[in-house]
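The values are calculated or read from the model by the stated rules, or taken from the named source; none is laboratory data. Here the structure is a predicted model, which is why all the values come from computation and not from measurement. In this analysis, Cβ positions are derived from the backbone assuming ideal geometry, glycine residues included, and neighbour counts consider all displayed protein chains. Please note that ligands, DNA and RNA were not included when accessible areas were found on the heavy atoms of the full protein model with its side chains. Shrake-Rupley method; radii C 1.70, N 1.55, O 1.52, S 1.80 Å.
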Amino acid sequence: MLQEINTDTWHRKEIFDFFCGFDEPYFGITADVHVSKAYQCAKEKDISFFVYYLHCTLIAINQIDALKLRILETKPVIFDTIHASATINRLDGSFGFSFINFEEDLQVFNANFQQEADRIRTSTNLFPDRNGQDCVHLSALPWIKFTALSHARHFSIKDGIPKISFGKMTEINNEKVMPCSVHAHHGLADGRDIGLFFEALQQHSTGEKLINQCIRSPRKALFCIISASNSSISCHLALTFSSGAYNLAKSRNVR
């Protein structure tokens, strides 16, 4: 299901119109995500780590309205649920695009993934039968610990679908970390929204509950994020998110 945004009353109308005029309206942010607990959970549940962090990613995406916005026929719309369109490799070195229906239940999502993986690996089709905009484009480069990434794109196609890529997992100070790159349409989302995504992703990857704490107590946002994790990404995002959360809370009269 989708709902068209009423641009006459939309608070982002001027921002949307401005960035839609760009040849390249997408911006990208890359940061490390701490995944030691996620990796351990995946092994304990006997589920592919790739499937596990895809599921965490979709949970995070579906919590943030800005990342559920898309552009249909030049107009912004918002979808109720966002699914996964992940690149899946074949044994011959080629790949296919998937469409994996999101389910909150990890086991059901894993079954959906396996069905799509089997379809891709037993066919030569590049695209899935379902190929809508109610998804996020996902890919993994487990061979490379990248610090930045760009995507091949048709600039003439105005879709607004976020593109998320994960890199090689390494260990730093006995903690497993993995780079994550997020590209989003600036007419639909801002850096604050990507910060919220990273915090939600870290929350679901480690079990930390950061978002609600910071929104409810914005003046303590810096403290609660840094004290919850010693990761560099959490500390860095705290510096930007705390002031953003405070301003958001003020606008909503949160105390």
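Note that region 62-204 presents 48 Å² accessible area per residue, ligands and nucleic acids not counted, probe 1.4 Å. Here's the list of aspartates and glutamates a cross-link from Lys168 could span, going by alpha-carbon distance under 17 Å and ignoring same-chain residues fewer than 8 apart: Asp32.
Restricting region 71-150 to chymotrypsin sites (Phe, Trp or Tyr not before Pro) that sit in a DSSP loop and have at most 12 other Cβ atoms within 10 Å of their own Cβ leaves Trp143. By a 1.4 Å probe calculation restricted to protein chains, Asp17 has an accessible surface near 80 Å², given to the nearest 10. Pairs spanning more than 28 Å between alpha-carbon atoms, out of Lys43/Lys163; Lys13/Lys68; Lys43/Lys158; Lys37/Lys145; Lys43/Lys145: Lys43/Lys158. With N as its number of residues, region 76-126 has a Cα radius of gyration that, divided by 2.2 N^0.38 Å, comes to 1.27.
Taking a ≥ b ≥ c as the square roots of the Cα gyration tensor eigenvalues, with a/c under 1.5 meaning rounded and otherwise prolate when a/b beats b/c, else oblate, which class fits region 64-180? Rounded. With the highest mean first, a sort of the peptides 4-12, 179-187 on other beta-carbon atoms found within 10 angstrom per residue produces 179-187, 4-12.
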